[in-house]
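Visitor: Here it is, the structure in full.
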Amino acid sequence: AIDPALVGGSALFGLGWGLSGFCPGGAIPAIGLIHPEPVLFSATMAAGIAIVKTGQRWAAARSAADRQGA
């Protein structure tokens, strides 16, 4: 199903690819070349993933607390 999360994630992926010139599949092996660009891209990609996962956990906990009347 096409939902807002899919559309938003696709847009962010395309934006990141366009701005950085790296796709995750190509950036990760390029880290071995010891150039700063793929290292920076991969680090920011990992940070973005961590931020989203933390936000999802926070939203799920908040939703559970709201359902319990807290």
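Where a number appears in this text, it was derived from the coordinates with a stated rule and is not lab data. What you are looking at is a predicted structure, and each value in this text was computed from that prediction instead of being measured.
Visitor: Run lengths n ≥ 4 of DSSP H only: what is the helix-derived mean residue ellipticity at 222 nm for the chain, with -39500 (n - 2.57) per run over all residues, to the nearest 500?
Guide: Calculated mean residue ellipticity at 222 nm is -27000 deg cm²/dmol.
Visitor: Provide the per-residue ³J(HN,Hα) series for segment 11-27, in order, calculated from phi with Karplus coefficients 6.51, -1.76, 1.60 and θ = phi - 60°, each as a whole number of Hz, with x at glycine and proline positions.
Guide: 5, 5, 4, x, 5, x, 5, x, 6, 8, x, 10, 9, x, x, x, 6
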